[in-house]
Amino acid sequence: MKFTETWLPQQIPTAIDIANIITNGDNCVASGSIVASSIVIGSTVANTICALEIRDSVTVSTSITVYPSSLLNLNTSSIIQSATLSIRGQANNNQNVELNTDLTIPGSGSLTNNIGASIKISKLTTISTANGKFTNYGSSDLTGLKSNGVVNYTNTQSNILRPTGISGTIDVLFQGSSQFNLNNSTVEVYNIEYMELYGTSSLNINNSTFRYIYPVYDEDNLIYGVYSPYATSQTNVIDSTWVQKNSSIWLATGSTMTLTRSSLNIEGYSFNAQNTAKLFAYDSTLEISAFFFFENKATLYTLNTTINIVDDYFGIFDNAVVTLESSRMTLTNSNINETQITGLLNNATMFIKNSNLTLDADFLISDNSTMQISDSSTLYIEKEMLMSGDGSIDMMNNSHIIINNNMSMTEMSYFHTYSGSTIVINGDLEVYDQGDFTFQDSTVTITSSMILEATDYYSIINGSTVYVDGSFKSDAELQMINSNIRIRLNFSSATKLVAIGTSTVIESGNYVIADEFSGQASNFTLQNGNFKIKARASFSCEGCIINILQGEFTQGSKSNVNLVNTVFGNDDGKVETEGNILLQESGITNKGDFILRGDITADSSFNSLSYISNRLSGRSVQSGSYIVDNQGLFQINGVNKSTIAVAFKNSGGKLYVSQDSHIEVLEQTNGSIILDGKSLSTSQVVTISGGTLEGHGTVNAVNGIDNQANIGNNENVNKIQINGSLTQNGEQSSVTAYITEDDNTLISASEEVVLNGTLTVRIEDTVSDKNQTKQIITSNSQVTGQFKKINVVFYNKETKKETQPCKPIETEKTEKGFAVLLKSGNTPSSTSNCDGTSNSSTDNNTEEGKKSIKTPLIIGLVVGIVGLSAAITLVLLFKNRISTKLFFQKTLDKIERLSVKDKSIHQ
């Protein structure tokens, strides 16, 4: 039939008729309702051009077919109902049509929904060939879509894809090289269980909004929607928004999804990329409230992108690779489920380049998986991180890791940092079992706790700076190489610790060696706090400098400190040792407090005779090696006898001998050696060239004491037994004696005593006024020589004042001793001088005529050398305001009246 313009009523087909518009040039308009068995527009004959315009409803029982080169125009807002509609040519919709039919666009057919029009297709739409096309400029409501061709949505904001309701049907499917293109459009995929892409098909979203909404989310029964591209399909999102709700995205089998300047919001079950699938995100934002998984060689690459994963899980598995570059990822999970795994497993790799990763969720790195942090990136650990099974973190190029909670390493996991990395431990870093770390060219700040308890591997700090503001506990082997360690709270090592070229500064807190330390070319500076070597531990350092500025250095019992070519200095701290210190070409300088309860020994290369010979000849003595130089307070105060098997030089300090001890070589240039009731033995001559030797005790000096300074003091009684000889060497040498009523200073020698220099005697003014002999020096051998000067004063302990004796004090030298002879009338009273005048402070120097004492004059006399005995008498006179001639005359008169044991007087 040929209808050129209108479909007249008398020609309208019935329900059993076939309406054929098949003659070339046919152009029909159906202005009313049509009922037919089928409608055919055009023919299979090439270049047959026919057209049908529908302006009302159509009811066809079988099919409507539009052949190539022919046209169907839909200018109706009514329903087109047919079993099938096949558009092999072209169809246009210009109004608001509803197609209640299975729509097929085969061959080169096309359907266009024009601007302002709307189309609703109540059954499945199928574009069966690559050249088929559906173009939408209006609004659309499609029930299912299967395409091998092209679907274009342009400048359209109201579009929906619905499920077919056919069991086992993939509601939206793109195959072959098909395309679904959205340009400045909005599409909602609603209640569709599966939307899939296969082959080289693509979903291209440009400046548009794509929403995949599934109304029901039932995780337990796995009821949710899925967008799933397969094979080498492409999903491209540019300047657009993708919303996935109660549904998932599964990238599978090599498919690729690319976000460019776009946002992806997933609130549902998961985003899962697998089987070499790839997700690329550039300048985009991903908001994920779902599982975010990459597995089986899948890839995530982001550039200038932000990813927020909230209350769900992030996983990289099975050789998958995730790369964050100039991006930011935050993982937050407050709904902890032990059956779910967040992290890297089974050879997974995560690269963080110039990016920030915040893990506010429990996180696992295991099974040969690696996280690599580089290029000024930062990793924040806000909850638990566990590394196990050869899991690793590599950090480099000025990157940071901030541990604000707990990070645990076990089972051969490792943590390596390089090239200016920074580690801040505000929580806990724990290394167990076979875990290990290497911090190289890095900065580590521990404000809370770091624990190293690995058993089979050692960890390394190399070329790094470590600030211990909290606690660093090392119970496994640790090597520190060319590094700086600053202790502000607690550092402890309970197993092997190695330091090479490393500087350790203890600003405060505790530095504890509980097992074994080995150091080379390393420095220790104790500014404050405690440096502890615990009982039975060992500390060995070669070519080191140990400087105790303040604080306390303690060495426990049965411990060993081995110093090789090392300088140990105590400036103003406290050193307390109970173990053994072995010096090998090393020395100790003490300016603070040093308590020795153990031993200081030397290796076999130290020879005391060579040391003495070199010192006496003026040659350098190995730059302080094998010398303990004391300028502070040095106490030998152990439970058992102590040995100092090197040279001890007291050069301005105090040496307290409160326990039996042996010092191989002892010399004093200044200061004092104080015997506290114990014995001190030496192998060489004890040389006292300055200061004093005092106290109560014994000096076993087999080669004698060479005293060029002073023995005794004027504060209390000294009792010194010298098993050896005593030589007062030179006129500058002296002996100081203190005499009380019941006791007095006594210097006893087993060998010869050679007198010289000065004897100073201080007598308490409470000594009774009776004849007494106070033995000052005795010898089991002989006493030779003589004192050149003898000074005697009386002393009031309460007023701390000294007065001169009223009569000259006599002394007596015998073959084996030297004594002071006290006679009646020597002692002045507490209120008057020897001549009866007042000695109170108000009377002193008030009148010229009073005989107040002003200027002392010392005259030494050698009295009676007969056989092996000699007496030395000292007359201590005071020159009053009288003439010089009279003064000397009175002095000579007194000399003639002296009573001595031997009357042969030599002046």
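Some points to look at:
- Residue count for the stretch 719-737 satisfying the condition of being touching a residue at least 40 places away in the same chain (Cβ under 8 Å), closer than 23 Å to Leu821 by Cα and either assigned to a loop (DSSP other than H, G, I, E, B) or β-branched (Val, Ile, Thr) (or both): 3.
- Test: Asp706 is assigned to a loop (DSSP other than H, G, I, E, B) and either surrounded by fewer than 19 Cβ atoms within 10 Å (Cβ to Cβ) or out of contact with any Gly (no Cβ under 6 Å at 6 or more places or on another chain) (or both): no
- For Asn729, the stated conditions do not hold, so it cannot be described as surrounded by 21 or more Cβ atoms within 10 Å (Cβ to Cβ) and either in contact with a Ser or Thr (Cβ under 7 Å, 6 or more places away or on another chain) or not aromatic (Phe, Trp, Tyr) (or both).
- Residues within the stretch 293-315 that are among the polar types (S, T, N, Q) and open to solvent by 50 Å² or more (accessible area, probe 1.4 Å), tallied: 2
- Number of positions in the stretch 396-426 that are under 20 Å from Asn346 (Cα atoms) and open to solvent by less than 10 Å² (accessible area, probe 1.4 Å): 4
- Put simply, of Thr766, Thr760, Thr778 the only residue that is open to solvent by 20 Å² or more (accessible area, probe 1.4 Å), of a type in the set (S, T, N, Q) and in contact with an Asp or Glu (Cβ under 9 Å, 6 or more places away or on another chain) is Thr766.
- Qualifying positions in the stretch 642-666 - touching a helix residue (DSSP H, G or I) at 6+ places or on another chain (Cβ under 8 Å) and open to solvent by 10 Å² or more (accessible area, probe 1.4 Å): Glu664
- Residue pairs whose Cβ atoms lie under 9 Å apart, sitting 6 or more positions apart in sequence or on different chains, and linking a residue in the stretch 674-688 that is part of a loop (DSSP other than H, G, I, E, B) to a partner that is of a type in the set (Ser, Thr, Tyr) and surrounded by fewer than 19 Cβ atoms within 10 Å (Cβ to Cβ), are Ser683/Ser608; Gln684/Ser608.
- Residues that are open to solvent by less than 10 Å² (accessible area, probe 1.4 Å) and either modelled with pLDDT under 95 or farther than 18 Å from Ile22 by Cβ (or both), drawn from the stretch 67-81: Leu74, Thr76, Ile80
- Considering residues of the stretch 96-117 that are of a type outside the set (A, V, I, L, M) and closer than 17 Å to Asn183 by Cα only, the residue most open to solvent (accessible area, probe 1.4 Å): Gly116
- Number of residues in the stretch 125-157 that are under 60 Å from the mean Cα position of the chain (by Cα) and assigned to a strand (DSSP E or B): the value is 8.
- Only listed residue being touching a residue at least 40 places away in the same chain (Cβ under 8 Å) and not in a loop (DSSP other than H, G, I, E, B), chosen from Ile266, Ile352: Ile352
- Of all residues in the stretch 264-292, those satisfying the criterion of being open to solvent by 10 Å² or more (accessible area, probe 1.4 Å), over 17 Å from Glu325 (Cα atoms), touching a Phe, Trp or Tyr at 6+ places or on another chain (Cβ under 8 Å) and modelled with pLDDT of 90 or more are Asn265, Asn272, Gln274.
The values are calculated or read from the model by the stated rules, or taken from the named source; none is laboratory data. Only a predicted model underlies this, so the values are computations on that prediction, with no experimental measurement involved. Here the Cβ is made from the backbone with ideal geometry for all residues, glycine too, and neighbour counts use every protein chain on show. Side chains included, ligands, DNA and RNA excluded: accessible areas come from the protein's heavy atoms. Shrake-Rupley method; radii C 1.70, N 1.55, O 1.52, S 1.80 Å.
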